[in-house]
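Scroll down for the structure; my scribbles are underneath it.
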Amino acid sequence: MSFDIIYARDILKLAKIKNAIIIDIREKKEYEAEHMENAINIPYENEKVYEKMLSKRRYYILYCDRGGSSMKIARYLGRMGYKVATVIGGYDSIEKFVGK
C-alpha cells in the first residue's frame, strides 16, 4: 500500500472529506509554541510508536517542520496498510496557507 502527498493549501479540504486526524509529529515544545488548529501531537520517535497508537480504519494527515520526517513515517505506515498522507513543505507551508 502507499501514501498520499498533499499540498498545504489542500489540507483542510482533504481533512474534511476523509474525516482525517491531523498529526503534528514535531517535538512537544515546537507543537506547544505553534501548531495547526485541531492537530494532535504525537512526536516522532520511531515508526513503531505510530503502529501502536493508530487504527487502520482512520485516515491520517501527518506534518513536521518541512515535510521530510512526515514523509518517512507516511511511507512506512502506508506499507503497513495505514491510510495516510504527508504535507509537502510541512508546517512551514501550512502556516502560509492555513495559519496557526
- Would you work out which of 33, 43, 17 lies farthest towards the positive end of the dipole of the chain? Charges go on Cβ: Lys and Arg +1, Asp and Glu -1. 17
- Length gained when the stretch residue 17-residue 56 is fully extended (0.36 nm per residue, less Cα-Cα span): 12.3 nm
- Query: Using a simple charge model, +1 on the beta-carbon of Lys and Arg, -1 on the beta-carbon of Asp and Glu, nothing else, what dipole does the chain show about its Cα centre, in debye to the nearest 20?
  - Reply: 520 debye
- Message: Could you give each residue of segment 3-8 its phi-based ³J(HN,Hα) in whole Hz, using Karplus coefficients 6.51, -1.76, 1.60 with θ = phi - 60°, and x for Gly or Pro?
- Response: 9, 9, 10, 10, 8, 4
- Note on the structure: Long-range amide H partners of residue 4, meaning residues 5 or more apart or on another chain whose placed amide H is closer than 5 Å, are 84, 85, 86
- Task: Have a look at 36, 71, 53 and tell me which one the Gaussian network model of the chain (Cα, springs below 10 Å) gives the largest fluctuation.
- Result: 53
- Item | Diffusion constant of the chain at 25 °C, which comes from Stokes-Einstein with the Kirkwood Cα-pair radius and 0.890 mPa s, µm²/s | 188 µm²/s
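No lab work stands behind these numbers, since they all come straight from the coordinates. Small disclaimer: the values here were computed from a predicted structure and weren't measured. Quick reminder, even Gly has a Cβ in these numbers, built from the backbone with ideal geometry, and neighbours come from all protein chains shown.
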